[in-house]
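Participant: Quick one: the structure is below, questions incoming.
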Amino acid sequence: MQKNKILLKKDIKEKRELVNIEIDRFLPRKDEYPKLIHKAIRHTLFAGGKRLRPYLLINTYLLFDNKLKDVLIIAAAIEMLHTYTLIHDDLPEIDNDEYRRGRKTCHVVYGSSIALLAGDALLVYAFELMAESELDESLKKKLIKELAQEAGYTGLIAGQMIDIESESKKVSAKTLEYIHKNKTGRLIKLPIRFACYLADVPGKKRENLELFGEKLGLAFQIVDDILDIEGNEQTLGKSIGKDNKVHKATFPSVYGLEKSKAMAEKLIKEAKSLLEPYKEKAYLLNMLADFILTRKY
């Protein structure tokens, strides 16, 4: 077990570095004019983080092909979009978080107005980066369109909106699932689908892998909710106990702590069963699923 954890950690670090190089290659230098916005962009983007979404894209793609040339630029774009959501989520007007990835949040360091612009810039950069890829034009158009749909008012933003509206309210299990399937799940499922497009994976196989992503995403959110109660602030790299303070709609608040843990375990077991056709090729994805269930950060 310990050997597997070390192997996974090493692989995450290696893939993260590949994605970081791609991002750094594209972004303006932090000392370019106007300096402040470039510093703010890099503050959260290079604060660490697991690069889970790029990692899922890369390792799903590697089930079918090993040429990463066109994959890394799409992985980098998805991470830019994800980081934009973190910067905006942390703002005083939304979650009002002071720590992210172990350091002060963007708005705490640079102010809310600059943080807002930094998030906006990353959102725009994500689409620009995808547009600059050397992919076939029809595939590129498909990826850009689907990224916009998943991040837009019918996806991520819809989940964020209902999350905000649900604060201090008793929510149903249906509403809770809607929030987290859109707010968290979509950006975990999306890189898996994109990997399938890039590797030209046929329909049924793609559907099963997307289902793997859906279950993984929901389990990730459940564990996140649990860590807000049981986690260690220093290990987690962000504030804990905030969900309860602002009466957020969470799995423990709807189902209770023990049932939430059981739900996460069931989802991970089901997710891993969908990887069985890939046998040894999927060992890193299997280890990632186990990590998501047992993670402390």
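Values quoted throughout were computed directly from the atomic coordinates according to the rules given, and no laboratory measurement underlies them. On a predicted model such as this, the values are computed, not experimentally measured, just so you know. Here Cβ is always computed from backbone atoms with ideal geometry, including for glycine, and neighbour counts include all displayed protein chains.
Participant: Pairs of alpha-carbon atoms within less than 8 angstrom and 6+ residues apart define the contacts here; what relative contact order does the chain have, in percent?
Facilitator: Taking the mean separation of contacting Cα pairs over the length of the chain, I get 19 percent.
Participant: In segment 2-294, with Lys and Arg counted as +1 and Asp and Glu as -1 at Cβ, which of these residues, Tyr178, Asn59, Ile37, has the Cα nearest the positive end of the dipole, that is, farthest along it?
Facilitator: Asn59
Participant: Right, something else. Can you classify segment 1-154 as rounded, prolate or oblate using the Cα gyration tensor, where a ≥ b ≥ c are the square roots of its eigenvalues, rounded means a/c under 1.5, and otherwise it's prolate if a/b beats b/c and oblate if not?
Facilitator: Verdict is oblate for segment 1-154.
Participant: Taking R0 as 30 Å, what FRET efficiency do you get between Glu134 and His247 from their Cβ-Cβ distance, rounded to the nearest 0.05?
Facilitator: The pair Glu134/His247 has a calculated efficiency of 0.05.
Participant: Let me have the 222 nm mean residue ellipticity of the chain computed from DSSP H runs of 4+ only, each contributing -39500 (n - 2.57), with the sum over all residues rounded to the nearest 500.
Facilitator: One gets -22000 deg cm²/dmol as the mean residue ellipticity at 222 nm.
Participant: Then there is this: Report the trypsin sites (Lys or Arg not before Pro) located in segment 39-81 that are in a DSSP loop and have at most 15 other Cβ atoms inside 10 Å of their Cβ, or state none.
Facilitator: Hits after loop and neighbour filter: Lys67, Lys69.
Participant: Once amide H atoms are placed 1.01 Å from N in the peptide plane, what residues at a sequence separation of 5 or more from Arg103, or on another chain, have their amide H within under 5 Å of its amide H?
Facilitator: none
Participant: To continue, here is another question. Starting from the Cα of Lys35, move 7 Å in the Cα-to-Cβ direction to define the label point; list residues of segment 114-130 whose amide nitrogen is under 19 Å from there.
Facilitator: Answer for this model: 114-115, 118.
Participant: If each residue of separation counts as 0.36 nm, what is the full-extension length gain between Asn208 and Arg25 once their alpha-carbon separation is subtracted?
Facilitator: 62.5 nm
Participant: Give me the compactness ratio for segment 30-72, meaning the Cα radius of gyration over 2.2 N^0.38 Å.
Facilitator: Taking the Cα Rg and dividing by 2.2 N^0.38 Å, one obtains 1.64.
Participant: Also: What does the extension gain come out to for Glu146 and Asp70, with contour length at 0.36 nm per residue minus their alpha carbon separation?
Facilitator: The span from Glu146 to Asp70 would gain 25.6 nm if fully extended.
Participant: Distances over 15 Å make up what percent of all Cα-Cα pairs in segment 5-64?
Facilitator: Here the tail beyond 15 Å accounts for 57 percent of pairs.
Participant: So what does the Cα-only Debye profile of segment 211-264 read at q = 0.18 Å⁻¹, as log10 I(q)/I(0), no solvent term?
Facilitator: Treating every Cα as an identical point scatterer, log10 I(q)/I(0) equals -0.58.
Participant: For the chain, what number results from the quotient of the Cα radius of gyration and 2.2 N^0.38 Å?
Facilitator: 0.96
Participant: In vacuo Debye scattering of segment 146-279, one point per C-alpha: log10 I(q)/I(0) at q = 0.13, 0.16 Å⁻¹?
Facilitator: -0.60, -0.88
Participant: Just to be sure I understand the rule: take each whole DSSP H helix in the chain, project its Cα atoms onto its long axis, keep it if the span is 24 Å or more and its mean Kyte-Doolittle hydropathy is at least -1.0. Which ones pass?
Facilitator: 2-26, 71-90, 112-131, 203-230, 257-273
Participant: Next question, about the same structure. So how strong a dipole does the chain carry about its Cα centre when Lys and Arg Cβ are +1 and Asp and Glu Cβ are -1, to the nearest 20 debye?
Facilitator: About 740 debye.
Participant: Now for a separate question. Set the Förster distance to 45 Å, then compute FRET efficiency between Glu93 and Tyr197 from the Cβ-Cβ distance, nearest 0.05.
Facilitator: E(calc), rounded to 0.05, equals 0.80.
Participant: Can you order the peptides 190-200, 149-159 by their average number of other Cβ atoms within 10 Å per residue, highest first?
Facilitator: Most protected by this proxy first, the peptides run 190-200, 149-159.
Participant: At q = 0.14, 0.19, 0.21 Å⁻¹, work out log10 I(q)/I(0) for segment 21-96 with the Debye formula, treating every Cα as an identical point scatterer and leaving solvent out; two decimals please.
Facilitator: Calculated log10 I(q)/I(0) at the listed q: -0.54, -0.87, -0.98.
Participant: By how many nm would the segment from Ala173 to Glu280 lengthen if fully extended, with 0.36 nm per residue of separation less the alpha-carbon distance?
Facilitator: My answer for the length gained is 34.9 nm.
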